[in-house]
1. Picking from 555, 543, which residue would you name as being of a type outside the set (D, E, K, R), out of contact with any helix residue (DSSP H, G or I) (no Cβ under 7 Å at 6 or more places or on another chain) and surrounded by 12 or more Cβ atoms within 10 Å (Cβ to Cβ)?
2. Can you confirm whether residue 790 is open to solvent by less than 10 Å² (accessible area, probe 1.4 Å), small (Gly, Ala, Ser), outside any strand (DSSP E or B) and out of contact with any Ser or Thr (no Cβ under 6 Å at 6 or more places or on another chain)?
3. Which residues, counting only those in region 711-753, are in contact (Cβ under 8 Å) with a residue 60 or more places away in the chain, under 29 Å from residue 834 (Cβ atoms) and in a strand (DSSP E or B)?
4. When you check residue 269 against the structure, is it touching an Asp or Glu at 6+ places or on another chain (Cβ under 6 Å), in contact (Cβ under 8 Å) with a residue 12 or more places away in the chain and either open to solvent by 10 Å² or more (accessible area, probe 1.4 Å) or assigned to a loop (DSSP other than H, G, I, E, B) (or both), yes or no?
5. Hey, among the residues in region 602-652 that are over 17 Å from the mean Cα position of the chain (by Cα) and polar (S, T, N, Q), which one's surrounded by the most Cβ atoms within 10 Å (Cβ to Cβ)?
6. Read through the list (1) at positive phi; (2) in a strand (DSSP E or B); (3) not basic (Lys, Arg), then give the number of the only condition that residue 77 fails.
7. Which of the following residues is more than 22 Å from residue 86 (Cβ to Cβ), under 21 Å from the mean Cα position of the chain (by Cα) and aliphatic (A, V, I, L, M): 182, 201, 170?
8. What are the residues in region 407-421 that are open to solvent by 70 Å² or more (accessible area, probe 1.4 Å) and either touching a Lys or Arg at 6+ places or on another chain (Cβ under 9 Å) or aromatic (Phe, Trp, Tyr) (or both), if any?
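The values are calculated or read from the model by the stated rules, or taken from the named source; none is laboratory data. Treat the numbers as computed from the prediction; the structure is a model and nothing was measured. Methodologically, a virtual Cβ is constructed for each residue, glycine included, from the backbone with ideal geometry; neighbour enumeration extends over all protein chains shown. Ligands, DNA and RNA are stripped out before the accessible areas are found, and what is left, the full protein with its side chains, is counted by its heavy atoms. Shrake-Rupley method; radii C 1.70, N 1.55, O 1.52, S 1.80 Å.
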Amino acid sequence: MKDRTFIFKSALAALLIICSLSGFSQKEVVKPSEHFGFKPGADKMLFEYEALIDYLKKLEKSSPRLKLEKIGESPMGKTMYGAFFSHPDNIQNLDELRKINKELALNHELSEEKQKEYIRKGKVFLVATLSMHASEVGPSQAAPLIAHKLLTTQDPDTTGWMKDVVYMMVPSHNPDGMDMVVDHYKEYKGTKYEGSSMPGVYHKYVGHDNNRDFITLSQKDNRAISKIFSHTWFPQVMVEKHQMGSTGPRYFVPPNHDPIAENIDAGIWNWIGIFGMNMIKDMTRNDLAGVSQHYSFDNYWPGSTETCIWKNVIGFLTECASVQYASPIYVEENELSVWGKGLSEYKKSINMPLPWEGGWWRLSDIMDYEVVSTMSIIKSCANHKEDILNFRNEMCQKEVNRGRTQAPYYYILPEDQHDKSELVNLVNLLDEHGVQRYVLQEPVEIEDRRYGKGDVVIPLAQPFRPFIKEVMESQQYPVRHYTPGGEMIKPYDITSWSLPLHRGVECDEIDVRSETLENALKQLEGQYRIPKSIPNDYQAAVFPFSNNESYKAAFLAKEMDLPVHYVSQEVNVGNQSLNEGAFIIPSSNANRKDVSRLIEQVDVPPLFAEEQPDGEWQNLDFPKIALIETYQHDVDAGWTRYVFDIYNIPFDVIHPGEIQEMELNNYDVLVFPDQDKSVFLKGKYESENQYRMSDYPPEYTKGMEKEGLRKVMNFVDEGGKIVSWGESTELFMGKQTIPINEEEKETFRLPIDNVAEDIKENGFYCPGSFVKIDLDNQRVFTRGMPDKTGVFYRGDPVFSTHTPVFDMDRRVLGHFPEENILLSGFAEKEKEIAEKPAWVWVKKGSGELIMFSFKPQFRASTQADYKMIFNSLLFSKMDK
């Protein structure tokens, strides 16, 4: 009997130890199927964001292995969460572990003893951001399965890993888009159009381009994610989970294909490779076929969530083959294909050792790939815990040392800038990125250049040196070839992202180290501001055209019913002279509180006039604006809406299919963003040589048709204004007609053409670069602009003008220079566009068209060109 009692007590004690180690001192954990009413991954079943968060909240209450924390807010106001999974002891100790992460990431002066202590006590933090592209539903739909597995497993290996790893899941990077996509899928489920593409963008503004925003950080959801790497948790490892096309490999894991970023330390690339090799090994062992590496996805440009690798994080993406949201697809073997970047044939190869043979592909398959890949990443974190933590601090020390011993040593931003508001925005954006900024406390001279008190200095002796150098320098695309002397590997996306260039901010790169300069620096804490002192009595607030923010002030004033005037010529305020003119908002006892309230909302204070400024004042008339936005995932229109919103520019959205039935004369300006001509006209993509079937429900594939275009041209002829850029300018090329009456029509051709095809045949190639244009500063549209500026350009269209007839005219507002066209990025044979028009004003009848060959608001990252848009909206060549 004693032996039996002893055995029972020993077994009970062992069980208690196992339970403690595995975190099983918890309530029953609800299964996903019990919460959602179906198992995630089931055919034709999807859940919304709110249901996902509700499930995680239930799990948090029942398990000590999970803690939810609010990390931010989506653009449409949904709360975003980070879900921390780990051993209960780690969950209880998160604050201390966060401090260790920060010390390893940022403290380059850790003693060897302290570093060893942190490595011993610390844990590897792995961040996984799921389904930022909301149509790629799989990762977020797999989140409950991964969560339940981590909270209920009794597998000793897994519970052992979770002692050394904190898995931080962002269950949806794009909560707004997730609900949009799920709602759309449910609306059409069971109909002919089940699985059709969602009309519009799956985001408040930018749709797929949310993964191009991690330098600019314009979107709230991206700021929430970026903050994790720059200010709060400082994780060592990150994976962003995506999906790709349906007829290629089933899965992509790193390493990436060439080219790769040259500012990234080799150790980062090596670690990314280790995680990828472990994933393909573990997934293949679990009979998950079609996993590829070194395929398609390069990694030379920042802008995606992987921008964290420039901050010493081991960051990478995975991509899984898609289904039609939750509807299964059948893929015939002959339909499987690849496209040359790492895989030239869909065959067994070193980059895809176990090809998938085709057949049914379901959401449940995606679930399997997501669960296994995630567990593999967690295992790699645990198996290399000490090396990863050591590597993080090693990178911190290495980058600081590089900043002290390798040029460039500093970037200096003079306080006196053409556009002071963009200086403020740039310096504060660097703070969002965790970059240390300093201000000169006294004048210094370096390399025969004198810098003054108040100039901003960014030293490169910082842990995030790779990021600083990447975004502050001009870019040179890392040209690589498939074979020696053979075809160049073309860029996956853009080739320029220089913050100073794109924002029109003067910035000097300093290649000599200066002890004098370093002794004159004071670190800037918090927001960078230009001192603002509003006097008690002033006659007017004067906002110079040179500041982008002055236009925001003008639109704010309209919103507040304050009068706004402008002066086109030089205006003197006290002892200061504004050569380019300004907006003037009069101040009186009746409205001074409102004017002062407006001034508080801008970063750069206006000039305060004690007397009414001289000059010929004109009332600023605010136009009624319509933005023409298609339903075809129109991200450029979304970016335009975003820019209009942040500058308080009121506008209506019109879809092309509505134009025929609308009274366009209710508007003063129609804005056509970059989009294919066929989508505006037909509601879908078409070309002369190929029909491309639309996958949108038919009610969202209606274009303006030729009758609508005639109506648009009639709007211009009668005095309206068109602002058009990029591909949309093709609408206004070639033969045009305007109805005169029921029987007659006028046929004409505007004095502008697109000659891009001819130029490309001569070898011109520009994949997305920053190029120089010279401006005609005698025009109202260039108010506040310098004589030369840079624009983001993709090589098409290329304008050519010709002598007009009848009631038409044209003026070139900006053209490419004869030499030194490329400022940043990559271009081949750019001399082909030398002296070609880049920005043109065209008159027809009583109206006008302002046409850009480039996108002046590209991804909200080209603030140097915003005034071109604002002036085009507000002013007219007809202005006296």
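1. 555
2. Criteria not met by residue 790.
3. 722, 723, 724, 725, 752
4. No: the conditions fail for residue 269.
5. 630
6. (2)
7. Going through 182, 201, 170 in turn, the sole match is 201.
8. 415, the sole residue that qualifies.
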